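Some notes on the structure that comes next.
The values are calculated or read from the model by the stated rules, or taken from the named source; none is laboratory data. Given the structure is predicted, the values throughout are model-derived calculations rather than measurements. Note: ideal-geometry Cβ built from the backbone for every residue, glycine included; neighbour counts use all protein chains shown. The accessibility values were calculated without ligands, DNA or RNA, using every heavy atom of the protein model including side chains. Shrake-Rupley method; radii C 1.70, N 1.55, O 1.52, S 1.80 Å.
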Amino acid sequence: KIIQHSACQHKVLYDGQEGVDGVRCIVVLEGELHVTNPQGAEETICGADRTGGRASSFGVDDYVCHQLVPFRHVVRGSVGDARVAVLYAGDIREVLHGDNIMKSAELAQRTEDIRKVFLFRHLSKKNMNKLVPNIAVVKVQRGQTILKEGTPGNEFYIVRRGEVGIYNGDKLLQRRGQFDYFGERALITDDVRKADVVVDSVDEVELWVIDKKVFQTIMDAGMVKHIQERIQLQDSTIRFNDLRMVRVVGRGGFGVVKLVEHVYTGARYALKCIRRARITDSRQRQALRNEREILSEVDHPFVVRLVRTFKDK
């Protein structure tokens, strides 16, 4: 509410008589006001016309963030007129859809962070409002198993902080870091978990967990397609003999890249073929391992995704 106070010099304008339902925040747009705290200390808050910059405000830390604290300051007028914007408790509840500003701020930050997950980048505001309040926060310690191969799946996981390893037995398949996700197969199928997911490289991982029923209320065709494509790329049952060469698409110093096609599914892949002898002679074996490890962790629509590696005779 915008209020014009005329001839308000030394006049008490606000003193908290409304209690916790009254004034919570005051922004001085023009002119200036004097504010006295319960201990008697006084400060002056000025409008943009006096500061030459932004308008000054009062009450955010004391009363907006602590909405059950009664207004105890006394606000008086100064020389000349003052034009102020006043925020009442009812205004805060209307804007924040509730009384807890800290909870609302947390949800706002979570909404901003969830858009860093590629799957949710283009989610509508309506569906985002359905999703964010229903995200559960779980912390898992080093050495604990999050998912077990062969068990039913009803949750989807986002790595908010830390890193997890995805294993097939003792073999590390991939690592997933901040804002990456796992468990997506359970969202669109009734399959059991296909791998173990373990906290093995950091002391603690913070996860966001989304229930399958919640996810299905916001899922659209684009999200389903993205998940299906990702699942197809994760199919580790592809055998070298199942691939048919279509043509050569590139040559380099250590090998050749071929376009190949799966003889049963028709899916196409880029197959990078490298001569081991040349790698060994040039002492590039460790560099090749590093390349494989990095590609196994990358999951972005603009970067080629590693599906699996083979070693022939």
Margin query: Six or more apart or on different chains, Cβ atoms under 8 Å: show the pairs whose first residue is in region 188-207 and under 27 Å from Arg110 (Cα atoms) and of a type in the set (Val, Ile, Thr) and whose second is in a loop (DSSP other than H, G, I, E, B) and open to solvent by less than 20 Å² (accessible area, probe 1.4 Å).
Written below: Val197/Gly183; Val205/Val199
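Can you work out which of the residues in region 137-148 that are open to solvent by 50 Å² or more (accessible area, probe 1.4 Å) and not basic (Lys, Arg) is nearest to the chain's Cα centre (by Cα)? Break it down stepwise before answering.
If we filter region 137-148 for residues that are open to solvent by 50 Å² or more (accessible area, probe 1.4 Å), which is where we start, we get 137-139, 141-145, 148.
From what's left, not basic (Lys, Arg): 137-138, 141, 143-145.
Values: Val137: 12, Val138: 14, Gln141: 21, Gly143: 25, Gln144: 23, Thr145: 23 Å.
Step by step, filter region 137-148, then rank; the result is Val137.
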Notebook entry, point to check: Which of the residues spanning region 100-159 are in contact with a strand residue (DSSP E or B) (Cβ under 7 Å, 6 or more places away or on another chain), part of a loop (DSSP other than H, G, I, E, B) and more than 19 Å from Ala195 (Cβ to Cβ)?
Noted result: Val117, Ile135
Check: Has region 78-99 got any residue that is within 30 Å of Gln178 (Cα to Cα), surrounded by 13 or more Cβ atoms within 10 Å (Cβ to Cβ) and either modelled with pLDDT of 85 or more or more than 16 Å from the chain's Cα centre (by Cα) (or both)?
Finding: yes
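Do the conditions hold for Arg24, that is, is it open to solvent by less than 40 Å² (accessible area, probe 1.4 Å) and at pLDDT below 85? Full working, then the answer.
Working: open to solvent by less than 40 Å² (accessible area, probe 1.4 Å): yes; at pLDDT below 85: yes.
Considered against the rule, which asks whether it is open to solvent by less than 40 Å² (accessible area, probe 1.4 Å) and at pLDDT below 85, Arg24 comes out as yes.
How about region 110-122: which of its residues are open to solvent by less than 10 Å² (accessible area, probe 1.4 Å) and within 15 Å of Met219 (Cβ to Cβ)? Before you say what the answer is, go through the steps one by one.
As a first pass, look at region 110-122 and keep what is open to solvent by less than 10 Å² (accessible area, probe 1.4 Å): 113-114, 117, 120.
The answer is Ile114, Val117, Phe120.
Out of curiosity, is Val35 part of a strand (DSSP E or B), modelled with pLDDT of 75 or more, more than 24 Å from Lys103 (Cα to Cα) and among the aliphatic types (A, V, I, L, M)?
Numbers: part of a strand (DSSP E or B): yes; modelled with pLDDT of 75 or more: yes; more than 24 Å from Lys103 (Cα to Cα): yes; among the aliphatic types (A, V, I, L, M): yes.
Considered against the rule, which asks whether it is part of a strand (DSSP E or B), modelled with pLDDT of 75 or more, more than 24 Å from Lys103 (Cα to Cα) and among the aliphatic types (A, V, I, L, M), Val35 comes out as yes.
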Notebook entry, point to check: free of Cβ contacts under 8 Å to residues at least 60 places away in the same chain and either on the phi > 0 side of the Ramachandran plot or not in a helix (DSSP H, G or I) (or both): does that describe Phe302?
Noted result: yes
Check: All but one of (1) at pLDDT 80 or above; (2) among the charged types (D, E, K, R); (3) within 22 Å of the chain's Cα centre (by Cα) hold for Asp299; which doesn't?
Finding: (1)
Item checked: Search result, residues across region 176-191 that are open to solvent by 40 Å² or more (accessible area, probe 1.4 Å) and modelled with pLDDT of 85 or more -> Gln178
